[in-house]
Amino acid sequence: MDKLLIQGGTPLKGEVAISGAKNAALPILCASLLSAEPLTLANVPHLNDISTMLRLLAQMGVEVTLDGADGLVLDSRALHNPVAPYDMVKTMRASILVLGPLLARFGEAKVSLPGGCAIGARPVDQHIKGLRAMGAEIRVEEGYVIARGKLKGARIVTDMVTVTGTENLMMAAVLAEGETVIENAAREPEVVDLANCLSAMGARISGAGSDVIRIHGVERLSGATHSIMPDRIETGTYLCAAAATGGQVRLTRTSSSYLDVVVDKLLDAGCEIDTERDAIVLRAPQRLKAVSLRTAPYPAFPTDMQAQFMAINCVAEGSAVIRETIFENRFMHAVELIRLGADIRIDANNAVVTGAPRLNGATVMATDLRASASLVIAGLAAQGETLIERIYHLDRGYERIEEKLSRLGASVRRVH
Ligand code: EPZ
């Protein structure tokens, strides 16, 4: 398995371009199932999760054609196999996002239940509850969700805010008969990007970005062209890496408009930040001030940035409290950060982090995607050499990370 070898202690300086958003691209790839005409996408990130989703769609019969450096054309006209098998779904939970579109377009779907994952059980009961409300007959047998039926509009109130739950139900509703109202809907920008793509395909959606989304079903959807929004979590991750190393970076092809709370926390930590139309510049102080945070659904502090902020708090001045309210087990990076010399005390879903004057490199192990990112940030800030194992987690969500970090002056290389 690949490892990442980092010589820490160098402030990051320079400019990198941010890629398209993984968590917008994944549902939008599934939207191609909703139309018999081709969906042309631009700014698609080159990530393992994207490749996994494309393999899943291709084995269903979707024709995938590369279109330039970061473009794709997806054509589901010849789809013949509305099945998402376990061996593909087990590697990526987001595969559940094919359930709504398959049901909407073909009236049937057989999708393996995604297993849990390192950060939590992550059930899909809300996805199933909403589809049943729309008239689907759904059985769960031998680890598969087996669904069939013609969907009708319904009023759905999810028990909690669920991002992919909202996305699955929105995609199911665009071809259902009548109006669907999703209340307690997720407000994440990636939900809005999906809604924009669906609207370009002819869907009738209003309220995306708010907690009430209304969808009027239509007979069929057409093809469309859509460019994936920038990845706000990749953006936040590089901002944290620059902050933790006392550096100065300019990130292009992105914006701060979906990162208000994250930018506010970086300002509280003592960074200077300038925002341009499609770029963001960060200048770090000599030493950061510790910042406390509490994760919650958008527009509050994103859980996908929690691990990265734990890393910068490990080298900041003072103590901070980090509260994780979304997932039940999303502090696994803490024990690895402690191996680098961090002072972290975990109490249920609270972590108290007391900044150390410096961290010292060591061998650490990645456990999940964003935990890996926090280990990279800590390794860049630490003195000496850090070896990060199991970086396949990292490759799921960060495009060419060692190349982009090297361009910012980091001493990092992939070792096999
Ligand atoms: C999406 O996951 C993201 N993934 C996650 O990003 C992100 O952490 C999460 O939203 C929260 O923002 C994608 O968009 C592909 P949820 P999702 O449904 O949709 C519970 C990353 O690092 N829940 O919003 O799976 C669930 O257990 C990944 O890129 C139910 O109980 O998350 C969790 O506690 C990690 N039943 C909470 O709700 C359900 O039916 C929020 O989960 C659905 C969710």
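The values are calculated or read from the model by the stated rules, or taken from the named source; none is laboratory data. Just so it is clear, the structure is predicted and the values come from calculations on it, not from any experiment. No Cβ is skipped: glycine too gets one built from the backbone with ideal geometry, and neighbour counts run over all protein chains shown. Keep in mind that these areas ignore ligands, DNA and RNA; they rest on the heavy atoms of the full protein, side chains included. Shrake-Rupley method; radii C 1.70, N 1.55, O 1.52, S 1.80 Å.
Report, to the nearest whole %, how much of the accessible area of region 62-103 belongs to carbon and sulfur atoms, 1.4 Å probe, protein only.
Numbers: 960 of 1760 Å².
C and S atoms contribute 54 percent here.
Among Lys110, Lys265, Lys90, what's the order by accessible area (1.4 angstrom probe), most exposed first? The partial results should precede the final answer.
Numbers: Lys110 85, Lys265 45, Lys90 115 Å².
So, going from the largest accessible area down, we get Lys90, Lys110, Lys265.
What relative contact order, as a whole-number percentage, does region 1-95 give when Cα pairs under 8 Å and 6 or more residues apart are counted?
On the way: 107 pairs, mean separation 25.5, N = 95.
Dividing the mean separation by the residue count of region 1-95 yields 27 percent.
Relative to the longest principal axis of the chain, what angle (0 to 90°, nearest 10) does the C-alpha long axis of helix 232-244 take?
The helix 232-244 is inclined about 0 degrees to the chain.
Give the shape of the chain as rounded, prolate or oblate, defined through the alpha-carbon gyration tensor: a ≥ b ≥ c are the square roots of its eigenvalues, a/c under 1.5 means rounded, and otherwise the shape is prolate if a/b is larger than b/c and oblate if not. List each step's numbers first, then the result.
Numbers: a/c = 1.89, a/b = 1.80, b/c = 1.05.
Because a/c hits 1.5 or more and a/b exceeds b/c, the chain counts as prolate.
Antiparallel as a % of all DSSP beta bridges within region 341-414, to the nearest 5? Let's see the in-between values first.
Working: 5 of 9 bridges.
Percentage antiparallel, nearest 5: 55.
Computed FRET efficiency, Cβ-Cβ of Ser257 and Ala17, R0 22 Å: what is it to the nearest 0.05?
Using R0 = 22 Å, I get an efficiency of 0.80.
So what's the angle, to the nearest 10 degrees on a 0 to 90 scale, between helix 48-60 and the longest Cα principal axis of the chain?
Result, in degrees: 20.
Kindly sort Cys117, Cys240 by accessible area of their heavy atoms, largest first, with the probe set to 1.4 Å.
Details: Cys117 50, Cys240 0 Å².
Greatest to least solvent exposure: Cys117, Cys240.
Does region 182-249 classify as rounded, prolate or oblate by the C-alpha gyration tensor (a ≥ b ≥ c root eigenvalues; a/c under 1.5 gives rounded; else a/b over b/c gives prolate, otherwise oblate)?
Details: a/c = 6.15, a/b = 2.18, b/c = 2.82.
It is oblate, given that a/c is not under 1.5 and a/b is not larger than b/c.
Where both partners of a DSSP beta bridge lie in region 88-202, what percent of those bridges are antiparallel, to the nearest 5? Walk me through the intermediate numbers first.
Working: 11 of 15 bridges.
Antiparallel: roughly 75 percent of the beta bridges in region 88-202.
Express the accessible area of region 244-342 per residue in Å², computed with a 1.4 Å probe while the remaining protein chains stay in the model.
Working: 4020 Å² over 99 residues.
On a per-residue basis, 41 Å².
Please give the peptides 20-30, 154-164 ranked by average Cβ packing (other Cβ atoms within 10 Å per residue), highest first, as a rough proxy for protection. Before the final figure, lay out the partial values.
Details: 20-30: 26.8, 154-164: 17.7.
So the peptides 20-30, 154-164, ranked by packing, come out 20-30, 154-164.
Sorted by accessible area with a 1.4 angstrom probe, largest first, how do Leu375, Leu5 fall? Walk me through the numbers before you get to the answer.
Details: Leu375 0, Leu5 30 Å².
Of Leu375, Leu5, the descending order of accessible area is Leu5, Leu375.
Compute, for Phe106, the solvent-accessible surface of its heavy atoms (probe 1.4 Å) with the complete set of protein chains present, and express it in square angstrom to the nearest 10.
Here the residue's solvent-accessible area equals roughly 70 Å².
Report the accessible area of Arg250, computed with a 1.4 Å probe over the heavy atoms of all protein chains in place, in Å² rounded to the nearest 10.
The accessible area comes out at roughly 70 Å².
For Cα pairs less than 8 Å apart in space and 6+ apart in sequence, what is the mean separation divided by the residue count of region 116-164, i.e. the relative contact order in percent? Walk me through the numbers on the way to the answer.
Values: 37 pairs, mean separation 15.3, N = 49.
After rounding, I find 31 percent.
Tell me, in nm to one decimal, what length is gained between Asp268 and Arg155 on full extension, where the rule is 0.36 nm per residue of separation less the Cα-Cα distance? Show your work: numbers first, answer last.
On the way: separation 113, 0.36 × 113 = 40.68 nm, distance 4.12 nm.
Answer, rounded to one decimal: 36.6 nm.
Which percent of the accessible area of region 207-257 is formed by carbon and sulfur heavy atoms (probe 1.4 angstrom)?
Values: 730 of 1710 Å².
Roughly 43 percent of what the probe reaches on region 207-257 is carbon or sulfur.
Out of all DSSP beta bridges in the chain, what portion is antiparallel? Express it as a percent rounded to 5.
Numbers: 57 of 82 bridges.
Here the share of antiparallel DSSP bridges comes out near 70 percent.
Please list, or write none, the lysines whose alpha carbon is within less than 19 Å of the alpha carbon of Lys3, excluding same-chain residues fewer than 8 places away.
Lys404
Which number do you get for Rg(Cα) / (2.2 N^0.38 Å) in region 79-203?
Details: Rg = 13.6 Å, N = 125, 2.2 N^0.38 = 13.8 Å.
Relative to the rule-of-thumb radius for its length, region 79-203 sits at 0.99.
Run the 1.4 Å probe and let me know the accessible area of His46, rounded to the nearest 10 Å².
The value for His46 is about 110 Å².
Let me have the 222 nm mean residue ellipticity of the chain computed from DSSP H runs of 4+ only, each contributing -39500 (n - 2.57), with the sum over all residues rounded to the nearest 500. List each step's numbers first, then the result.
Numbers: 14 runs with 130 residues, N = 416.
Per the formula, -9000 deg cm²/dmol.
Roughly how many percent of the accessible protein surface of region 267-416 is carbon and sulfur, given a 1.4 Å probe and a whole-percent answer? Each step should come with its number before you reach the end.
Details: 2890 of 6100 Å².
Exposed carbon and sulfur together represent 47 percent of the surface.
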